[in-house]
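A.B. asks: My questions all concern the structure below.
The values are calculated or read from the model by the stated rules, or taken from the named source; none is laboratory data. The structure presented is a predicted model; accordingly, all values stated were derived computationally and were not measured. Positions of Cβ are backbone-derived with ideal geometry, glycine not excepted, and every protein chain shown enters the neighbour counts.
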Amino acid sequence: MNDLAAGHPGRRTTTGARGRLDARAMPYVLISPYFFLFAVFGAFPLLYTVYVSLTAWNPRKPGSKEKFIGAENYTKLLHDENFWHALKNTFGIGLVSTVPQLLLALFIAHLLNYRLKGRLALRMGVLLPYVTSVTAVALIFGQFFARDFGPVNYVLGLVGVDSIDWRASMWASWLAISAMVMWRWTGYNALIYLAALQSVSYDLYESAQVDGASKWQQFWHITVPSLRPTIIFTVIVSTIGAFQLFGEPLLFDSTRAANGGSGRQFQTVVLYLYQQFWFNGRYGYASAIALGLLVVIGIVVIVNLLLVRRISGED
Amino acid sequence: MLDRRHAIAASAIATASLLLSGCGGSSSTTSTTSAAGTTTSAAASTGSTEKMTLTINVFGDSFPKSVYDAYTAAHPNITIKENRADYGAHHNNLQAHLAAGSGTADIEVIEIGQIAGYLGQGEKFVNFNDQGVDPAQWSPAKIKQATATDGSLVGLGTDIGGLAICYRADLFKAAGLPTDREEVGKLWPTWEDYVKVGSDFIAKTPDKKVKWYDGAGHVMTGILAQEKNTFYDDQGEVIAGTNPVVKQAWDLSVTSIQAKQSAALAEFSPEWNTGFQQGQFATITCPAWMTAYIRNNAPETKGKWDIATVPGGSGNWGGSFLTVPKAGKHTAEAVDLAKYLTTPDTAVKVFKEFGNYPSPVKTWDLPEVEDAKDAFFSDAPVGVIFPKSFANLPEQAAGPQSGVIGVALNTALNQVEQGEDPTKAWEKALKDIEAAAG
């Protein structure tokens, strides 16, 4: 207890067991509100979801709430082609929206790092899309990509390309949704990279320029290696976001039936879960989907961790 | 030491207050809840004068403001708040709130395509049989649709859909088809004839961007709208996959899609709204409530529309009920309001304002209903066309997942419209139906 008293020469120190308990207990007392809230709003719902996933609960079927069916929902899940299809969509849209986006963000950050005129306005400007509402963006982009009277099809028509039904084919819908995701997140990630770039000495760029390196070479050989930890961070955050993709696919479908297109072309796992829970009333099965997603995310996180360890290990 | 003790006390209080704020509920209103909740069979008005707001959740045009205003004028302590959501969100939220036991509005509108899903949860709704409601106001079919498995009457009928075909007389003229509604009605005694006329129209219409109808889902709905058993049999078993009636409706709809008759517009979407404005289709399967959508979406097409008899001569699509969930805080007052909103007088007012055909039986003979003509639809005699369509309808069987099955088939037709192989789309739909409702 003397070390605590050292900074407060005028105060009486507590000695003995009560003092020790006091000092040891304080940190736990201070962080307990967070954990209590997590227990109530995080852990309890998770455990309850596990419980519900073992039942056949459907509110439209009286008596199903108490009907235990054990792992039947999970066997159904493993054989459910809609679930695997949704998983494929989630990975696919995730890749198509994340990889070009992060590359673009990297490049934008590199450009914004130069001493441009009006660079403050530019740096703030790239973040503007991030502060718009997901719903508004999805609805407006939905109109852009409308089949009959959408501006995108109009522009394509001007260059001689036939109207595309953006919701009918898998690739078209993935592109449209990725456009929304990229529009929102590129600026955000660019600023993260930009912040990380501030720790890279400008002298490196100057001397590279003196040595005759082009802007592209500077980018590839100075910027990217310096940002490796930041890139890993943004990849992880983007992966999490990609798995949670829900608002855009839900609103892109004009039928509002949460089917992700007539043939589930762009139905992500969370959207599939939403459809089974809310529209079909399959509370038990939807809970199993949620836990299935948890397992998939767990696997991806482990893979991520191993890769990160390998990359860091190389240094 | 004093500081440390104070610090511990302070953090303990902070923790405790966080815990309590998490657990705190609307304790201030428990007194009103118990007061209103104990009033059970209130045949007369409650006579309570405490100020309150009654909420009603709707998904479309249900009641004009004048109807609400007349009630609040007579009951100055009551404010009525209408919340509107789209059809899917409205019903999904209702189900979730019922399961949770709170969050429902005082009055919830439930559509006929969804109400079967709630009939197994009768205990969650006020039983109108105990509230002095006379079921003879409505047809036995309408009452049966709102009768829960435990025998309670959970819904009071608002409107009834009926069925007709609304068509653009000007587009018909341009394609050389007759425009008089009697003659048009004679063009399609059956749905097969409707498809044949459609091919005729597609061939002869000068503007090749105009299609025959808005979406194949509506054609299938129309065909099934006159059948007694579509997705469920009388014992409550799902028969959607094996019922020849459903397969025939599917096949006919697919034929019309392949004949390029569909504008492939998702119903009630912004594209569908635009479709009316741009005149992208010449006909639409038209229950009475659809006239309001046409009127609202394309006001500039007034006078260009008309209404003809539906193929097959009969059918019913839509119609809603007012329900009062027991979880509401003011069920007695809500029941009173619900009764007012479903009186024959109110139903006629709604009919005049929105075109929703009234469901109370004795309104059907009133001159203001029988002789009603709709100026937007070239003075079509709506008071005759719609009641004729449901006059001889059998009592239609429904089940808890009727809505889900309908959506699955609509989605599959949408797939075919987008170019998918019909057989594959059909099998996929059956698999999804089996998973959801089997």
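A.B. asks: Would you please name the residue that is modelled with the highest pLDDT, looking only at residues in segment A:272-315 that are small (Gly, Ala, Ser) and more than 14 Å from A:Lys76 (Cα to Cα)?
C.D. replies: Among those residues, the one meeting the criterion is A:Gly281.
A.B. asks: Which of the residues spanning segment B:270-307 are assigned to a helix (DSSP H, G or I) and within 14 Å of chain A (Cβ to nearest Cβ)?
C.D. replies: Selection gives B:Pro270, B:Glu271, B:Trp272, B:Asn273, B:Thr274, B:Gly275, B:Phe276, B:Gln277, B:Gln278.
A.B. asks: Quick one: in segment A:90-130, of everything that is of a type in the set (S, T, N, Q) and closer than 30 Å to B:Ala435 by Cβ, which residue is nearest to the other protein chains (Cβ to nearest Cβ)?
C.D. replies: A:Thr90
A.B. asks: If you don't mind, another one. Being over 30 Å from B:Gln396 (Cα atoms) and crowded, with 18+ Cβ neighbours inside 10 Å, is that true of even one residue in segment B:336-349?
C.D. replies: no
A.B. asks: What do you reckon, is A:Thr268 assigned by TED's automatic domain parsing to the domain that holds A:Thr135 and in contact with a Pro (Cβ under 7 Å, 6 or more places away or on another chain)?
C.D. replies: Criteria met by A:Thr268.
A.B. asks: Same structure again: Assigned by TED's automatic domain parsing to the domain that holds B:Val335, touching a residue at least 12 places away in the same chain (Cβ under 8 Å) and not in a helix (DSSP H, G or I): does that describe B:Gly122?
C.D. replies: no
A.B. asks: Hey, another quick one. Can you say whether B:Val197 is touching a residue at least 24 places away in the same chain (Cβ under 8 Å) and either in contact with a Cys (Cβ under 8 Å, 6 or more places away or on another chain) or aliphatic (A, V, I, L, M) (or both), as far as the supplied structure shows?
C.D. replies: It is false that B:Val197 is touching a residue at least 24 places away in the same chain (Cβ under 8 Å) and either in contact with a Cys (Cβ under 8 Å, 6 or more places away or on another chain) or aliphatic (A, V, I, L, M) (or both).
A.B. asks: Given (1) touching a residue at least 40 places away in the same chain (Cβ under 8 Å); (2) within 12 Å of chain A (Cβ to nearest Cβ); (3) within 30 Å of B:Ile143 (Cβ to Cβ), where does B:Val407 come up short, assuming only one miss?
C.D. replies: (1)
A.B. asks: Which one is modelled with the lowest pLDDT, of the residues in segment B:372-392 that are within 15 Å of B:Val361 (Cα to Cα) and not hydrophobic (A, V, I, L, M, F, W, C)?
C.D. replies: If we take residues in segment B:372-392 being within 15 Å of B:Val361 (Cα to Cα) and not hydrophobic (A, V, I, L, M, F, W, C), then B:Asn392 is modelled with the lowest pLDDT.
A.B. asks: Could you list, in sequence order, all residues of segment A:232-247 that are of a type in the set (Val, Ile, Thr), surrounded by 15 or more Cβ atoms within 10 Å (Cβ to Cβ) and under 17 Å from A:Lys88 (Cα atoms)?
C.D. replies: Correct list: A:Thr239 only.
A.B. asks: Can you confirm whether segment A:93-101 contains a residue that is in a loop (DSSP other than H, G, I, E, B) and not charged (D, E, K, R)?
C.D. replies: no
A.B. asks: Here's something else I'd like to know. Anything in segment B:125-147 that is aliphatic (A, V, I, L, M) and either over 23 Å from B:Val404 (Cα atoms) or not in a helix (DSSP H, G or I) (or both)? List them, or say none.
C.D. replies: Correct list: B:Val126, B:Val133, B:Ala136, B:Ala146.
A.B. asks: Anything in segment A:53-89 that is under 28 Å from the mean Cα position of the chain (by Cα) and within 9 Å of chain B (Cβ to nearest Cβ)? List them, or say none.
C.D. replies: A:Lys76, A:Asp80, A:Glu81, A:Asn82
A.B. asks: Scan B:Glu353, B:Glu395, B:Glu434, B:Glu368 and give me the residue that is outside any helix (DSSP H, G or I), among the charged types (D, E, K, R), surrounded by fewer than 23 Cβ atoms within 10 Å (Cβ to Cβ) and at pLDDT below 95.
C.D. replies: Testing whether each residue is outside any helix (DSSP H, G or I), among the charged types (D, E, K, R), surrounded by fewer than 23 Cβ atoms within 10 Å (Cβ to Cβ) and at pLDDT below 95 leaves just B:Glu395.
A.B. asks: Only one of these is within 14 Å of chain B (Cβ to nearest Cβ) and over 25 Å from B:Ala99 (Cβ atoms): A:Phe233, A:Phe279, A:Phe243, A:Phe266. Name it.
C.D. replies: Checking each option against the conditions leaves just A:Phe266.
A.B. asks: Does segment B:232-249 contain at least one residue that is on the phi < 0 side of the Ramachandran plot, touching a residue at least 60 places away in the same chain (Cβ under 8 Å), in the same structural domain as B:Gly399 (by TED's automatic domain parsing) and of a type in the set (Phe, Trp, Tyr)?
C.D. replies: yes
A.B. asks: Do we find a residue being touching a residue at least 12 places away in the same chain (Cβ under 8 Å), assigned to a helix (DSSP H, G or I) and either crowded, with 20+ Cβ neighbours inside 10 Å or of a type in the set (Lys, Arg) (or both) anywhere in segment B:97-110?
C.D. replies: Among the residues of segment B:97-110, at least one is touching a residue at least 12 places away in the same chain (Cβ under 8 Å), assigned to a helix (DSSP H, G or I) and either crowded, with 20+ Cβ neighbours inside 10 Å or of a type in the set (Lys, Arg) (or both), which makes the answer yes.
A.B. asks: With respect to A:Ala121, determine if the residue is without any contact (Cβ under 8 Å) to a residue 24 or more places away in the chain and in the same structural domain as A:Tyr188 (by TED's automatic domain parsing).
C.D. replies: yes
A.B. asks: Could you check segment B:371-389 and list, in sequence order, the residues that are within 20 Å of B:Thr301 (Cβ to Cβ) and in a helix (DSSP H, G or I)?
C.D. replies: Across segment B:371-389, the qualifying residues are B:Ala375, B:Phe376, B:Phe377, B:Val382, B:Ile385.
A.B. asks: Return the residues of segment B:410-428 that are facing chain A (nearest Cβ under 10 Å) and hydroxyl-bearing (Ser, Thr, Tyr); say none if nothing qualifies.
C.D. replies: Correct list: B:Thr411 only.
A.B. asks: Show the residue pairs that are 6+ apart or on different chains and have beta-carbon atoms under 8 Å apart, the first residue being within segment A:131-151 and within 11 Å of chain B (Cβ to nearest Cβ) and assigned to a loop (DSSP other than H, G, I, E, B), the second being of a type in the set (A, V, I, L, M) and surrounded by fewer than 13 Cβ atoms within 10 Å (Cβ to Cβ).
C.D. replies: Every condition considered, no pair remains.
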